[in-house]
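Note sheet for the following structure.
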Amino acid sequence: MLKKTGAIIVMAVVAVLLLAFFAINTGFAESMWSYIGEQAASIREQKNDVAIAAVGDTRITQNDLDLAMLMREQAYELQSKEIDGFQNMMPEQPTKKKVLDSLIENEILYQEAVKRGCSVSLDEAKKYLEDNKKIYDEISNGKLTPDNKDMTIDVCKVTEDFATGMGMTMEEYMEYFAPTVQKQLSIAKLKQLILQSAPADIRSNPQKAEEYFNKQKEEIKKNYNVKYNADD
């Protein structure tokens with residue numbers, strides 16, 4: 001059974017919530033996210049389903065990469081503007097190879113979660129989104145007043161703008177986004193399972209815990225065959 005959290009995660013699992021935060025702070029949230037949504041819709045309409053990689057029977061298409069690149073490039077641009085002048089904090093510029101590698105890694109981790117029996121079903125993911133939407137509605141109606149109320153409302157408004165740009169209602173967008181949430185929640189459960197086997201001193205130290213998980217992740221990746229240009 002999945003636990004609820006007070007934060008709305010509708011966009012978080014594709015790093016969009018972070019991007020929304022920077023968009024809000026720079027004052028361009030509404031117009032920017034509607035425009036980005038339009039760009040995402042344009043990419044989807046191209047239906048470029050050529051498989052550029054495959055993990056087992058799961059194909060990663062050019063469309064998948066183009067959508068991921070759109071979001072990562074926008075995140076990089078906004079974050080770079082926000083911390084301009086702090087060179088040691090500059091985010092890493094995305095490249096197609098880096099973004100494709102991250103898509104492949106996510107697919108491997110999801111398949112490993114399925115293999116270990118800690119995956120999340122699509123119905124669970126949909127319910128998770130619905131529960132978070134209810135929390136947002138209760139915050140908007142004044143029934144809940146968390147410390148991050150204003151930011152939560154702003155992030156959800158950004159999500160609505162993005163969905164509008166894609167030509168979707170929030171309900172349609174949540175249905176479209178549910179498979180991504182399913183995979184990311186499954187990966188989160190896998191990470192939790194892996195960290196349970198770590199020594200207590202590592203689990204109690206966030207940096208050491210992340211290093212431990214990253215080492216385990218590299219070992220997991222060795223067990224999977226990745227085929228590039230999978231349609232060739």
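Restricting attention to the stretch 194-210 and to residues that are over 16 Å from Glu112 (Cα atoms) and hydrophobic (A, V, I, L, M, F, W, C), the residue that is farthest from the chain's Cα centre (by Cα) turns out to be Ala200. Within the stretch 194-232, take every residue that is of a type in the set (S, T, N, Q) and not in a helix (DSSP H, G or I) and give me the one that is modelled with the lowest pLDDT. Taking the candidates together, the pick is Asn229. Among the residues of the stretch 100-117, those that are without any contact (Cβ under 8 Å) to a residue 40 or more places away in the chain and either part of a helix (DSSP H, G or I) or surrounded by 20 or more Cβ atoms within 10 Å (Cβ to Cβ) (or both) comprise Asp101, Ser102, Lys115. Report yes if Val50 is under 23 Å from Glu107 (Cα atoms), surrounded by fewer than 17 Cβ atoms within 10 Å (Cβ to Cβ) and either among the acidic types (Asp, Glu) or modelled with pLDDT of 80 or more (or both), otherwise no. Here the answer is yes, as Val50 does meet what is asked.
For the stretch 137-166, a residue qualifies if it is in contact with a Lys or Arg (Cβ under 9 Å, 6 or more places away or on another chain) and charged (D, E, K, R), and exactly one does: Asp137.
When the stretch 182-231 is filtered for residues that are under 12 Å from Leu109 (Cβ atoms) and among the basic types (Lys, Arg), the ones remaining, listed by number, are Lys183, Lys189, Lys191, Lys217, Lys221. Restricting attention to the stretch 139-193 and to residues that are buried (at least 17 other Cβ atoms within 10 Å of the Cβ) and outside any helix (DSSP H, G or I), the residue that is nearest to the chain's Cα centre (by Cα) turns out to be Met166.
Given the structure, is Glu82 modelled with pLDDT under 75, acidic (Asp, Glu) and surrounded by 14 or more Cβ atoms within 10 Å (Cβ to Cβ)? So Glu82 passes the test.
The values are calculated or read from the model by the stated rules, or taken from the named source; none is laboratory data. Being a predicted model, the structure only gives us computed values, none of them experimental. Cβ atoms come from the backbone with ideal geometry, glycine included; neighbour counts cover every protein chain shown.
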